[in-house]
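For reference, the structure discussed in these notes is given below.
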Amino acid sequence: MSLRLQNTLLGTLKYLSLIAGGLVVLFPIWVALINALKSNSASNRLGPLQLPIHLDWHNFVVAWAGGDLGHAFLNTLYIVVLSVIGNVTLGTMVAYVIGRFDFPFKGVILAAYLVVQFIPTITTQVAVFGIIRSLGLFDTPYALVLLYLGTNVVQIFIYLQFIHRIPRSLDESAMLEGASYFRIYRSIIFPLLMPASATVAILQTIAIYNDLYSPYLYMPSSSLGVVSTALFRFRGPYNAHPNLILAASLIIAIPVVLLYLLLQRFIFAGIVNGAVRE
Amino acid sequence: MSRQRFSLSYKAQKAVLIAAFLILPIVLLATLSLYPALKLIFYSFTSWNGLSPRYPWVGLANYKAIFSNPLLFSSFGHNFAYLVGGLIQNVVALYFALILNSKIRGRNLFRAVLFMPFVMNAVAVVFIFRFLYGYQGALDALLQGLGLKALEHDWLGNLSLVNWSLAFVSLWEYFGFNMVIYLAALQSVPHELFEAAELDGAGRLQTLWHITLPNIRSIVQINLLLTISGAIEAFNIPFIMTNGSPPTATFLTNTVNVAFVFNNFGLASAMAIVLLIIVFVVLILQRWLVGIGRDAV
């Protein structure tokens, strides 16, 4: 076989694989979309792969109102904003101290962060549950904010990777001008860590948005639904209306997909920096 | 003289700053991660019901129960489906990363599509697949349309199949994550290596086996570690799909149900400890294998 033929075949194989992979990813989403757009009577007449004859947005309207999804979005937004502000503040502080100074027990602290990362959050809920209750935070959004601040430690490693790339000469020249360490943190480190903060904020937003178990456990009141629990509650009452459940699923899934398509660069950087330690 | 004064004040500043910046993060880490982990050990020797102020000591009874009650320990069998799915997931992820790492048109578009499931809400993903897998549902309709009627199944109703159906959802949702990590690793392999291999007349498979894979060995190990611990901790998909009912229960859905449905926090804590030990054994094994790998190179 000539080299050229071999290259052509290989190129074709690559594209066929990518297209096949793309179809496997998109097929479930496509099926969800065309069926969410079918009225009940239409879905009785048509097979699950047949296109609706006319687009019926009724399911989306009913899902939005019936699931109180507007409220769920607001609750989620509130928790995301508080957690992200806290995470970025605490994360940059820890990274500054660990990344720039030597002090006793630094290794222990770093090791604690590493170990905690491998403790599956759900397992410790058996014990965390009591702590949250004794703090009087059960069934409030602050239980979740506290939990997200305390257990999402991957961000520390993302920040540490970034801070090593900020030249120490910047700190030193600021010190020659008499800047305090706090001033250096506030005026040099924090602003220069912005790309890392963007990454942390996006990853944290996605993680909180997609988390089901913590809100399910700590915020059982129906008025405190976040997007995941609000969607989860469709199971049961709406079981006879699969098209409605699909509409609700798309309402919940699509905003983050759009956010992701806009901000891919930060997400990929964060995924890699969070998983791979230098 | 003034320099002296400054360096002293920086020294004092440093102590204050370290204390001030670390106190809150460490308190949070300790109360929400480390202390609960220790608490678990204590609970695991009691029959605490989660509410009572009494913690009746039962010794090792909870641990014995885990290994003697077939319903509890055998749920690891269901985790096995996620483990196999996870290994396939890594092969698929590496395959697509290799393709995306070559000069190819539409690279960013394909990467964006393949990673997309990872950012989708887990509840939404499971609901969509529940529809897809439904009895005579969309998947069966697709198979029929492709002339593969023989492959039609009751994907969720068939008890020997259901965990594999769920493991596929996991693969679908998470392979993009592994792919992005593999892709970053491949991009950091020096180009000269491939050029040298080409000059030596190495074939594609030879290059993959002798140049590419050894250079991303540590990334392969990280991905495998994440995959294996993910399989041991499989929770979301069976929990959302079936509330962790017995045919699909994993060890972790059982742990959670034992605690929060059956109020047996003592037994659940013992299960959590067993799970943690397994995860850390895997972690240590991985570190050890990395060590061996380094020596061998």
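The values are calculated or read from the model by the stated rules, or taken from the named source; none is laboratory data. Remember, predicted model here, so these are calculated numbers, not experimental data. With ideal geometry, Cβ positions are generated from the backbone for all residues, glycine too; neighbour counts draw on all protein chains shown.
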Please work out which residue is farthest from A:V24 (Cα to Cα), limiting yourself to region B:56-79 and to residues that are loosely packed, with under 13 Cβ neighbours inside 10 Å and among the hydrophobic types (A, V, I, L, M, F, W, C).
B:W57
Yes or no: region A:100-110 includes at least one residue that is under 30 Å from B:A12 (Cβ atoms), away from chain B (no Cβ under 11 Å) and crowded, with 16+ Cβ neighbours inside 10 Å.
no
Taking the condition of being within 11 Å of chain A (Cβ to nearest Cβ) and more than 25 Å from the chain's Cα centre (by Cα), how many residues in region B:26-52 meet it?
7
Looking at B:S165 and the list (1) modelled with pLDDT of 95 or more; (2) out of contact with any Leu (no Cβ under 7 Å at 6 or more places or on another chain), which single condition is not satisfied?
(2)
Can you name every residue in region A:158-185 that is loosely packed, with under 12 Cβ neighbours inside 10 Å and more than 27 Å from A:L203 (Cα to Cα)?
A:R168, A:S169, A:E172, A:L176, A:E177, A:G178
From the list A:V24, A:V84, which one is assigned by TED's automatic domain parsing to the domain that holds A:V256 and among the β-branched types (V, I, T)?
A:V84
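Could you list, in sequence order, the residues of region A:30-42 that are part of a helix (DSSP H, G or I), surrounded by fewer than 21 Cβ atoms within 10 Å (Cβ to Cβ) and of a type outside the set (F, W, Y)?
First pass over region A:30-42, keeping only residues part of a helix (DSSP H, G or I): A:30-36, A:40-42.
If we keep only those that are surrounded by fewer than 21 Cβ atoms within 10 Å (Cβ to Cβ) too, we end up with A:30, A:33-34, A:40-42.
Those that are part of a helix (DSSP H, G or I), surrounded by fewer than 21 Cβ atoms within 10 Å (Cβ to Cβ) and of a type outside the set (F, W, Y): A:L33, A:I34, A:N40, A:S41, A:A42.
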Within region A:211-234, does at least one residue satisfy the condition of being within 30 Å of B:L17 (Cβ to Cβ), modelled with pLDDT of 90 or more and more than 8 Å from chain B (Cβ to nearest Cβ)?
no
Does B:F262 fit the bill of being within 9 Å of chain A (Cβ to nearest Cβ) and without any contact (Cβ under 8 Å) to a residue 12 or more places away in the chain?
no
Tally, over region A:109-128, of residues that are modelled with pLDDT of 90 or more and farther than 14 Å from A:I156 by Cβ:
1
Return yes or no: is A:I188 free of Cβ contacts under 8 Å to residues at least 60 places away in the same chain, assigned to a helix (DSSP H, G or I) and β-branched (V, I, T)?
yes
So which residues in region B:48-105 are among the polar types (S, T, N, Q) and not in a helix (DSSP H, G or I), if there are any at all?
B:N49, B:S52, B:N69, B:S74, B:S75, B:S102
Given (1) in contact with a Gly (Cβ under 8 Å, 6 or more places away or on another chain); (2) facing chain B (nearest Cβ under 10 Å), number of the condition A:G21 does not satisfy
(1)
Do we have B:T212 as buried (at least 18 other Cβ atoms within 10 Å of the Cβ), within 30 Å of B:G157 (Cα to Cα) and of a type outside the set (A, V, I, L, M) here?
no
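From the list B:N163, B:N178, B:N108, pick out the single residue that is in the same structural domain as B:G244 (by TED's automatic domain parsing) and surrounded by fewer than 21 Cβ atoms within 10 Å (Cβ to Cβ).
On inspection, the qualifying residue turns out to be B:N108.
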Among the listed residues A:N75, A:N59, identify the single one that is surrounded by 12 or more Cβ atoms within 10 Å (Cβ to Cβ), under 26 Å from the mean Cα position of the chain (by Cα), assigned to a helix (DSSP H, G or I) and among the polar types (S, T, N, Q).
A:N75
